[in-house]
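Notes for the one structure printed next.
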Amino acid sequence: MTGQGPIRLFTSSPWEHSVVLTPCGSGTLRLQPKGRRAGGPVNSRMSIAAALAVSALVLVAPGAASASVGVSNPVAFTSNGTVSGGWTWVHDDTHTASWTFNMGTLEGAQAGTVRLNVNALVSNRVDGGAGFSASSVRFVARCGSTRQVLKVKLVNPFRPIVPGDSLGLGWTAMGHSSQPLRVARFAGCAQIEVTIGGPYAQQRAIGFIPASLKFGYR
């Protein structure tokens, strides 16, 4: 990163957030989240949460890209969860969230390398406390009658665990599927739908945006 200027990243949500990563010497970066809502004041809670989540989505620094790693992003997202500040939270057993992926980008991947990667918010309730993780989160990949269950443990490294409203701090959690997507099983499918649905763990709410899910592969 030496000699490079600030890197500015943006989220795509009703909130206009930016994250500025500024080189500080010795290979370190300084995170400067900024946020505003079109026509409205800054919402500090969601600005912080969005800035942290987007910064966690940065997988490769400029100049370090590798042709041996690929990413498939969703082309559509729907959910009936609770919307708060541009994030959709699933917590009631009737809540679902679904992402649609094109299979064309995955058909050339090496067998056994396609993993679902998840970047989300986890708390004990919507707009709740900090430091909570979620184990065995169940996603189902579908195309017609073909399906595969993908289980993900969403790890939140933030400490301390605080049950009260943390104003967006300590919500970010990440994880990947314990098993690879069996691409050959979905041969002939132009798209697959990946869905999360209840029942959910008690005292856990998980927040998503369209970019929360992606498949990584070799």
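A short reminder: the numbers here are calculations on the coordinates, not readings from a lab. For clarity, every value in this text was computed on a predicted model and none was experimentally measured. Counting neighbours? That spans all protein chains shown, and the Cβs are built from the backbone with ideal geometry, glycine included.
Within the set of other residues whose C-beta is less than 14 Å from the C-beta of His91, count the net charge using Lys and Arg as +1 and Asp and Glu as -1.
Net charge in that neighbourhood comes out at -1.
Towards the positive end of the charge dipole of segment 70-217, with charges on Cβ (+1 Lys, Arg; -1 Asp, Glu), say which of Ala184, Ser98, Phe132 has the farthest Cα.
With unit charges placed on the Cβ atoms, the residue in question is Ala184.
Nearest 20 debye, what's the magnitude of the dipole of segment 85-207 about its Cα centre given +1 on Lys and Arg Cβ and -1 on Asp and Glu Cβ?
420 debye
Can you give the translational diffusion coefficient of segment 70-217 in µm²/s, computed by Stokes-Einstein from the Kirkwood radius over Cα pairs at 37 °C and 0.692 mPa s?
Translational D for this selection: 211 µm²/s.
May I ask for the net charge around Val137, where only other residues with Cβ less than 10 Å from the Cβ of Val137 are counted and Lys, Arg are +1 while Asp, Glu are -1?
Numbers: positive: Arg138, Lys151, Lys153, Arg204; negative: none.
Every neighbour counted, the sum reads +4.
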